[in-house]
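Participant: Questions regarding the structure given below will be posed in turn.
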Amino acid sequence: MRKLIEEKDPMEVVGCARGHSCEELIHNLPRHCKFYPALIQHINKIPEVILRNSGTPIAKKVNRMMREISKESYRAMQFTRTEINNRGVLFGIVSLKHKVMDRVLNYFHKRWPECIICLYNEHTHKTSTIDEKGIIHKIDSPLKTVVEKASKNRPLIPYFDDIQFSGKEIFETLYSSQFISERENQKYFKKMIPEKCYELPGMRSGIEKRFRNKKINDYF
């Protein structure tokens, strides 16, 4: 027993470690917009413990690329402004430079399994959809055209008609909900509704126009 313990590699990854395994890197790195095949060859030559802990410049690079992939997909899942019509078609605009559209579509599909999801990618100028069966299609057409076509043969769904909100109602509700006069906290208010929000996809037209030339302080 003592001999086995002495022979055990002290650098072996045990339990929960930082970073990503070699298998995870090989599977996910091709999603990155700057991926090139030679990266896989480099990864296969590096011990996993070095990969997980960014022990070499290449290991640092691939772990950074993995973070960029995860960050972009997470932001699209959590912050994409979507609308849903009374035909059960949910649609919105994203800006994805990495190949993570399938992750985002599947996320919305799990939340609304009975809907058709349509997302327009400003980076590629293509619209991707996922239907009730989870089948993904990429279409070289504007979002409006795809939504109209997807809605055409679907029945009216009163439930979705009842929960419709205009862009004006949503935007003004956001502003009013972030400022509580009894618990005034201007720093928190500015953090929750930063001016940078106007740079996000879907925030460049519509009701937001009349807020664009204002400062956050104007709302106090």
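The values are calculated or read from the model by the stated rules, or taken from the named source; none is laboratory data. All values derive from a computational prediction rather than experimental measurement. Every residue, glycine among them, receives a Cβ derived from its backbone with ideal geometry; neighbour counts consider all protein chains shown.
Participant: Quick check on HIS123: is it part of a helix (DSSP H, G or I) and under 28 Å from GLU24 (Cα atoms)?
Facilitator: Against the criterion (part of a helix (DSSP H, G or I) and under 28 Å from GLU24 (Cα atoms)), HIS123 does not qualify.
Participant: Only one of (1) on the phi > 0 side of the Ramachandran plot; (2) at pLDDT 90 or above; (3) not aromatic (Phe, Trp, Tyr) fails for GLY15. Which number is that?
Facilitator: Of (1) on the phi > 0 side of the Ramachandran plot; (2) at pLDDT 90 or above; (3) not aromatic (Phe, Trp, Tyr), only one is false for GLY15: (2).
Participant: Scan region 54-98 for residues that are closer than 15 Å to GLU24 by Cα and either crowded, with 19+ Cβ neighbours inside 10 Å or in contact with a Gly (Cβ under 6 Å, 6 or more places away or on another chain) (or both) and jot them down.
Facilitator: Selection gives ALA59, VAL62, ASN63, MET65, ILE69.
Participant: Could I ask something else about it? Which of the residues belonging to region 115-142 are hydrophobic (A, V, I, L, M, F, W, C) and surrounded by fewer than 20 Cβ atoms within 10 Å (Cβ to Cβ)? Talk me through it step by step, then tell me what you get.
Facilitator: Initial filter on region 115-142 (hydrophobic (A, V, I, L, M, F, W, C)): 115-119, 130, 135-136, 139.
Those that are hydrophobic (A, V, I, L, M, F, W, C) and surrounded by fewer than 20 Cβ atoms within 10 Å (Cβ to Cβ): ILE135, ILE136, ILE139.
Participant: Among (1) in the same structural domain as HIS20 (by TED's automatic domain parsing); (2) of a type in the set (Ser, Thr, Tyr); (3) out of contact with any helix residue (DSSP H, G or I) (no Cβ under 8 Å at 6 or more places or on another chain), where does THR56 come up short?
Facilitator: Against the list (1) in the same structural domain as HIS20 (by TED's automatic domain parsing); (2) of a type in the set (Ser, Thr, Tyr); (3) out of contact with any helix residue (DSSP H, G or I) (no Cβ under 8 Å at 6 or more places or on another chain), THR56 comes up short only on (3).
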